[in-house]
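*Asks:* Sharing a structure with you now.
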Amino acid sequence: MANVGTLHCDSLSSLERYNHDSMNIDLSLPLTSVDENSSTGPILLLTQLSRLVNRRSTPELLGQTLKELAALSFLRDYDETTQQALTDGLCIDANYCVLLLNDLESADYVERRRDPADRRRHIVTMTEQGRSALRRAEAAQQTLEDEMLGALTKEERATLAHLLRKAIDGQGTASATTGVSVSAH
């Protein structure tokens, strides 16, 4: 059946989770250049880069929202997954996941069906239209990535991606002390 990998954010309140409102970043805040020798830490630098990405990853560019792209990317990586696993994997509120899936279902990008083994659960799969939309959005996102990370060499980009994945994967180790568990099922 499904190969399900999830990030469990059970200990976070719905206000602390990635949700519909928390991604609405104040775009009026100025972005300033950061001196390489400044004391600005990596989290602040990631936040600044995230703001730039959010500003430029418009539905017009992607053909969908960045949140929809994240959901479709997860569904590509975990072909058939439960709605709960998608909620956990994206670290979003369950109610927001329902709204997100409603939009994706309306666009014919995903299908939800009851799990025959447990009728309380929904299984989510991506449709062929969803796969096509994901390919188009990822091509647009790649163009944006090339622009935004153009100052980095191919090797530096690979290192950056590796380090970011390592930091995310390291949250599983941190879960013992923080109560936030990150695991793959």
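*Asks:* Any residue that is under 16 Å from the mean Cα position of the chain (by Cα), part of a helix (DSSP H, G or I) and of a type in the set (S, T, N, Q) - is there at least one of those in the stretch 149-164? Walk me through how you get there before you give the answer.
*Replies:* From the stretch 149-164, those under 16 Å from the mean Cα position of the chain (by Cα) are 161, 164; that's our starting set.
Then drop every residue that is not part of a helix (DSSP H, G or I), which leaves 161, 164.
Checking the rest, the ones that are also of a type in the set (S, T, N, Q) come to none.
No.
*Asks:* Let me ask another. Could you run through the stretch 67-94 and say how many residues are of a type in the set (S, T, N, Q) and part of a loop (DSSP other than H, G, I, E, B)?
*Replies:* Residues flagged as of a type in the set (S, T, N, Q) and part of a loop (DSSP other than H, G, I, E, B) within the stretch 67-94 amount to 0.
*Asks:* Would you call residue 50 among the small types (Gly, Ala, Ser), assigned to a loop (DSSP other than H, G, I, E, B), surrounded by fewer than 17 Cβ atoms within 10 Å (Cβ to Cβ) and at pLDDT below 95?
*Replies:* Working: among the small types (Gly, Ala, Ser): yes; assigned to a loop (DSSP other than H, G, I, E, B): no; surrounded by fewer than 17 Cβ atoms within 10 Å (Cβ to Cβ): yes; at pLDDT below 95: yes.
So residue 50 fails the test.
*Asks:* Among the residues of the stretch 107-118, is any touching a Leu at 6+ places or on another chain (Cβ under 9 Å), among the charged types (D, E, K, R) and in contact (Cβ under 8 Å) with a residue 24 or more places away in the chain? Full working, then the answer.
*Replies:* Restricting attention to the stretch 107-118, the residues satisfying the condition of being touching a Leu at 6+ places or on another chain (Cβ under 9 Å) are 109-110, 112.
Right, trim to among the charged types (D, E, K, R) and you get 112.
Adding the requirement that they be in contact (Cβ under 8 Å) with a residue 24 or more places away in the chain leaves 112.
Yes: the stretch 107-118 contains one or more residues that are touching a Leu at 6+ places or on another chain (Cβ under 9 Å), among the charged types (D, E, K, R) and in contact (Cβ under 8 Å) with a residue 24 or more places away in the chain.
*Asks:* How many residues does the stretch 100-121 hold that are surrounded by 14 or more Cβ atoms within 10 Å (Cβ to Cβ) and modelled with pLDDT of 95 or more?
*Replies:* Counting residues in the stretch 100-121 that are surrounded by 14 or more Cβ atoms within 10 Å (Cβ to Cβ) and modelled with pLDDT of 95 or more gives 10.
*Asks:* Looking at the stretch 108-135, which of its residues are assigned to a loop (DSSP other than H, G, I, E, B), in contact with a Ser or Thr (Cβ under 9 Å, 6 or more places away or on another chain) and of a type outside the set (Ser, Thr, Tyr)? Before the answer, list the steps.
*Replies:* In the first step, residues of the stretch 108-135 are kept if they are assigned to a loop (DSSP other than H, G, I, E, B); the result is 108-109, 116-117, 127.
Filter once more, keeping what is in contact with a Ser or Thr (Cβ under 9 Å, 6 or more places away or on another chain): 108-109.
Within the stretch 108-135, 108 is the sole residue that qualifies.
*Asks:* Anything in the stretch 48-99 that is under 17 Å from residue 148 (Cβ atoms) and touching a residue at least 40 places away in the same chain (Cβ under 8 Å)? List them, or say none.
*Replies:* 49, 52, 53, 56, 57, 61, 62, 66, 69
*Asks:* Taking only the stretch 165-185 into account, find how many residues are small (Gly, Ala, Ser), at pLDDT below 65 and assigned to a helix (DSSP H, G or I). Give the derivation first.
*Replies:* Going residue by residue through the stretch 165-185, those that are small (Gly, Ala, Ser) are 167, 170, 172, 174-176, 179, 181, 183-184.
Those left that are additionally at pLDDT below 65: 174-176, 179, 181, 183-184.
Those still in the list that are assigned to a helix (DSSP H, G or I) too: 174-176.
So the answer is 3.
*Asks:* Does any residue of the stretch 13-32 turn out to be touching a strand residue (DSSP E or B) at 6+ places or on another chain (Cβ under 7 Å) and either basic (Lys, Arg) or at pLDDT 60 or above (or both)? Explain how you work it out, then say what you get.
*Replies:* The first filter runs over the stretch 13-32 and keeps only residues touching a strand residue (DSSP E or B) at 6+ places or on another chain (Cβ under 7 Å), leaving 17-19.
Remaining after also requiring either basic (Lys, Arg) or at pLDDT 60 or above (or both): 17.
Within the stretch 13-32 (the criterion being touching a strand residue (DSSP E or B) at 6+ places or on another chain (Cβ under 7 Å) and either basic (Lys, Arg) or at pLDDT 60 or above (or both)), the answer is yes, since at least one residue qualifies.
The values are calculated or read from the model by the stated rules, or taken from the named source; none is laboratory data. None of the values given here were measured: they were computed from a predicted structure. Glycine gets a Cβ as well: all are built from the backbone with ideal geometry, and neighbour counts include every protein chain shown.
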